Amino acid sequence: MSHTSQKVATTPFEGQKPGTSGLRKHVPVFQQANYTENFVQCTLSAVDDLKGSTLVVGGDGRYYMKEAVAVIIRMAAANGVKKLIIGQNGVFSTPALSCVIRKRKANGGIILTASHNPGGPKGDFGIKYNTANGGPAPEGVTNKIFELTKTLTEYRICPDINMDIGQIGNKDFTVDGNAFTVEIVDSVEDYLGLMKEIFDFDSLKKLFSGSLKVVINAMHGVMGPYAKRIFLQELGAPDGTCINCEPKDDFGGHHPDPNLTYAKDLVDLLKKGEHGFGAAFDGDGDRNMILGLNGFFVTPSDSVAVIAANAKCIPYFATGKVKGLSRSMPTSGALDRVAQAEGLEFFEVPTGWKFFGNLMDASRLSICGEESFGTGSDHIREKDGLWAVLSWLSIMATRQLSVEEILKSHWGKYGRNFFTRYDYENVDSEPANKMMANLREMVSESNAANFINKEYSNSGKAYQVGKADDFEYTDPIDGSVSKKQGVRIIFKDGSRIIFRLSGTGSSGATVRMYIDSYEADESQHMKDAQEVLKPLVQIALEISQLRELTGRQEPTVIT
Ligand code: VG1
Ligand code: CO
């Protein structure tokens, strides 16, 4: 059928600034007339060589996703895109979408998700652009999108294109005389193919036919169909292995965030002692939490270090050498020690997966992670929850050890980094900004003489400031500089206190406080992290005046 595009007059909306991972706002914000259209237009306009391009589109199934997919189809058609590849019913996990962009050599993709943020009519929605390498757009691109949103006067749309996105196959249109095709594909197929190339499915099958009992919790997010297909159908895991695997557009009213607070159900289930392995994913499937028998918790910082140290258990890395390792700045130093021991190049980057992409494209990075339950490798350009789980199961299958035994042997070899993160969600923006400004002042160069060497003590432990700054990163590949990425106070024994504000929230401010401390003495390794880190937590609260300024006595989430 033949269609003609239209130009619709519009006016800019304030605040369409992509954060750590795309634009995230409450659903009613996106539902305002022209709000979604404006942002989609600016995203499309920021794509180089848009005319004749192929883009991949999909999301985590949350409320408002289908409406957004329909808008993107009509606007992509009107903006000269040649082809859209869309997951059936609009569904793609974030890692699967990254995989499809790469596999089908698309020019980029649009992901509809607010990740771990709650969904539903009053929850959050989000739109994120990924580039041709499959990764989140770098700051150069997101800044360009934001600049365009400030001056937009019109958008292009083909209002009469309507199509069923539930039916797999191609649908052809003619728009303004040009061919436009929408291909609806199975949401899991390409991703499953990639997992089969990376892992040894036969040895994983054996693991599932043995005595190990596994439970996988998709938290009613997008991972349900992926988990069922891979664990139940492909690996022969028994029914009951996959829980909360029916996707819901409001995630059942919960935070689809796999941590000790929001996935407490899974922790409690593991504590019963029946399962030797448990894992949970977030709404869009890029995050993961790993648990062992009796709820033994693997911090994400340790998880990436263990995967890196055991990379040879994963066929993908058994043949090719691991090229380099990387973590986000607040992530604990556990990975650094593996890099050092293995003689691998190592990079510390700001928070957000977009900073890993250039290093991977330059073949200098293979395995990386963030303390925020993100783990991944250069097989795609997003973090990948299911990949992390299959990595862990591969290590268990090869080494024939439990989760706890793997961790103990890791700490025995490298020492242990105790780590915790305190989140103070929905704090008033003003005091949060004030607190950050005070901290920035404290660590500024002009004040360094007063701050460096200062001693802090609590509960009989004393720490002396060795270095303090507001983290700044220069990308070694393209030379781009990212400033103000978090205030860090590094003590002389290597312990670190870090403060930053979240860039993924949709209202108020979320303060994140990160504490990292290294312990070489094996006799101390089984201690409780919260106990070990208590003095540093108190010192961090004292230095930042967090309680006094924000009025918050306790954090919302402790990891
Ligand atoms: C958080 C995490 C960060 C992660 C980002 C996106 O950002 O701290 O490590 O990359 O979420 O994760 P912030 O700015 O709120 O601290 V996800 O699963 O939303 O794509
Ligand atoms: Co996510």
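Read-outs: derived from the displayed coordinates by stated rules, not from any lab. Bear in mind the structure is a predicted one, so any value in this text is a computation, not a measurement. A quick note on method: Cβ atoms are made from the backbone with ideal geometry, for glycine too, and the neighbour counts reach across all protein chains shown.
Going by neighbour counts of Cβ atoms within 10 Å, the residues TYR262, TYR424 line up, fewest first, as TYR262, TYR424.
If you take every residue apart from THR181 with its C-beta less than 9 Å away from the C-beta of THR181, what net charge results, scoring Lys and Arg +1 and Asp and Glu -1? The partial results should precede the final answer.
Working: positive: LYS82, LYS83, LYS171; negative: ASP172, GLU183.
Value of the local net charge: +1.
By the count of neighbouring beta-carbon atoms within 10 Å, fewest first, SER115, SER507, SER446 end up ordered SER446, SER507, SER115.
Within segment 1-79, report the GluC sites (Glu not before Pro) that DSSP leaves as loop and that have at most 12 other Cβ atoms within 10 Å. Taking segment 1-79 and a limit of 12 other Cβ atoms within 10 Å, the loop GluC sites (Glu not before Pro) found are GLU14.
Taking 12 Å as the cut-off, the amide N atoms of segment 50-94 that come nearer than this to a point 7 Å along the Cα-to-beta-carbon line of GLN31 belong to 63-65. By DSSP, the beta bridges lying fully in segment 1-136 are antiparallel in about 50 percent of cases.
When both bridge partners sit in the chain, DSSP labels roughly 70% of those beta bridges antiparallel.
Would you be so kind as to identify all helices of the chain, as entire DSSP H runs, whose Cα atoms reach 24 Å or more along the helix's own axis and whose mean Kyte-Doolittle hydropathy is at least 0.5? Long hydrophobic helices here: none detected.
Counting only DSSP H runs of at least 4 residues, each contributing -39500 (n - 2.57), and dividing by the residue count of the chain, the helix-based mean residue ellipticity at 222 nm comes to -9500 deg cm²/dmol.
Each of TRP392, TRP411 has some number of other Cβ atoms within 10 Å of its Cβ, and from fewest to most they run TRP411, TRP392. Unpaired Cys in the chain, meaning no second Cys C-beta under 4.7 Å: CYS42, CYS99, CYS158, CYS313, CYS368. For GLU189 and LYS527, the difference between the fully extended length at 0.36 nm per residue and the C-alpha to C-alpha distance is 117.3 nm.
Using the Karplus relation 6.51 cos²θ - 1.76 cosθ + 1.60 with θ = phi - 60°, the per-residue 3J(HN,Hα) values for segment 277-291 come to 8, x, 8, 9, 10, 8, x, 9, x, 8, 9, 8, 10, 10, 10 Hz, with x marking Gly and Pro. Summing +1 for each Lys or Arg and -1 for each Asp or Glu among the other residues whose beta-carbon sits under 12 angstrom from that of THR556 gives -1.
Applying D = kT/(6 pi eta Rh) to the chain, where Rh is the Kirkwood radius over alpha-carbon pairs, T corresponds to 4 °C and eta to 1.567 mPa s, the Stokes-Einstein value obtained is 54 µm²/s. Summing Lys and Arg as +1 and Asp and Glu as -1 over all other residues whose Cβ lies under 13 Å from the Cβ of ALA305 gives a net charge of -2. Note on SER203 and ASP172: the extension gain reaches 6.9 nm, defined as 0.36 nm multiplied by sequence separation minus the Cα-Cα distance. Looking at segment 287-353 alone, DSSP beta bridges between its own residues are antiparallel in about 40 percent of cases.
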